[in-house]
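These notes concern the structure reproduced below.
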Amino acid sequence: MHLSKKIQLSLCVVLLVASAACRGNGANTTAGTAGVRVTDVTLGRSVGGDKAITDRTDTFKPNDTIYASVATDGAAPSAILRAKWSFEDGQLVNESTRTIAPVNKERTEFHIAKPDGWPAGKYKLEVFLNDQSAETKSFDVRGS
Amino acid sequence: MEDAAIGSSLFPFSFYGAHLSRAARIPGTEDALPCSVRRAEAFPLRAWMEKEILVGIFDRLGKKEEKPKADFSNVQAGSSTTAAAPPAEAPVPDLGPAAPGTSGSEQSYTVVAGDSLSKIAKHFYGDANKWPRIHEANRDQIKNPDLIYPGQKLRIPAA
């Protein structure tokens, strides 16, 4: 009798631990599959109709239009992509936001241009997905 | 000695130190002073010139660090997504008669304000989704299919 009580107690503990583990797994699975994620960010001088970069580079000339192609994977009724472009010591160059409703794999392009030419130096692009930093790219502008 | 005292009062934060210069006037303490102070007392003009040179160098270094901020106020930005297909119900503006030319041969079209590749495709082909055909034919002047400008002369391939 005493032994069976011990076994029952052990079984209860095992069941409790197992149920807690199952709850944890369920939560992780939900978080992992829900929504959309950024899979790639590329920079270049032009984009095609599919919004992919056709002239890829990370060194630009002062009069270039700078394109960033952001690849996303997953589905969501609404997601917010934000591109934050900054110069050398963090000076803000531009910040653009685009709301997307991705169904599967999609690409979004952001571009910036400066009619009087970009100052030479180091720049940074940070891409945010739903206000969470997703990827950062650095690039240079060098004199013509 | 007097010159040094005047120099010290003019430049209270002198490289050689005003308090040390005053101490140097106490009889019997000259030998205990640092060599630089004794030199300042002996050659006040030279000490003053050395100080001015040093101040000039530090000033220039300081100015070099104050790099002017770049002006990004005129940056033009945009974005587009692959899913951004033209809405079917969007009214297609009247682009006027198609450019003269026999059907089955390439035509040309000059972009006007409000045009987009899909609108032009709708006009020439009757199908807005055929805009990539125009884009492909004008790759040399259209880098971004979402950006075409009034006055651009586009080649319109045969339907």
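Listed residues A:T72, A:T108; which is at the interface with chain B (Cβ under 8 Å from one of its Cβ atoms), hydroxyl-bearing (S, T, Y) and either crowded, with 21+ Cβ neighbours inside 10 Å or touching a His at 6+ places or on another chain (Cβ under 9 Å) (or both)? If you could, list the steps in order and put the result at the bottom.
Values: A:T72 fails: at the interface with chain B (Cβ under 8 Å from one of its Cβ atoms).
Answer to the selection: A:T108.
Being of a type in the set (D, E, K, R) and either over 18 Å from B:T81 (Cα atoms) or touching a Gly at 6+ places or on another chain (Cβ under 7 Å) (or both) is the filter here; which residues of the stretch A:95-125 pass it?
Hits for the stretch A:95-125 are A:K114, A:D116, A:K122, A:K124.
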Looking at B:S108, B:S73, B:S79, which is the one that is part of a strand (DSSP E or B) and at pLDDT 85 or above? B:S79
In the stretch B:47-70, which residue that is exposed (fewer than 12 other Cβ atoms within 10 Å of the Cβ) and of a type in the set (K, R) is modelled with the highest pLDDT? B:K69
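Name every residue in the stretch A:111-128 that is open to solvent by 30 Å² or more (accessible area, probe 1.4 Å) and farther than 19 Å from A:D58 by Cα, in order of residue number.
Taking the stretch A:111-128 first, the residues open to solvent by 30 Å² or more (accessible area, probe 1.4 Å) are A:115-116, A:119-120, A:122, A:124, A:126.
Scanning the stretch A:111-128 gives A:P115, A:D116.
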Among (1) within 8 Å of another protein chain (Cβ to nearest Cβ); (2) at pLDDT 95 or above - the single one A:D50 does not satisfy: (2)
For the stretch A:95-105, enumerate the residues that are without any contact (Cβ under 8 Å) to a residue 24 or more places away in the chain and either within 7 Å of chain B (Cβ to nearest Cβ) or in a loop (DSSP other than H, G, I, E, B) (or both). A:S96, A:R98
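The values are calculated or read from the model by the stated rules, or taken from the named source; none is laboratory data. A quick note: this is a predicted structure, and the numbers were derived from the prediction, not measured. When we count neighbours, we look across all protein chains shown, and the Cβ atoms used for this are built from the backbone with ideal geometry, even at glycine. Heavy atoms of the whole protein, side chains included, go into the accessibility calculation; ligands, DNA and RNA do not. Shrake-Rupley method; radii C 1.70, N 1.55, O 1.52, S 1.80 Å.
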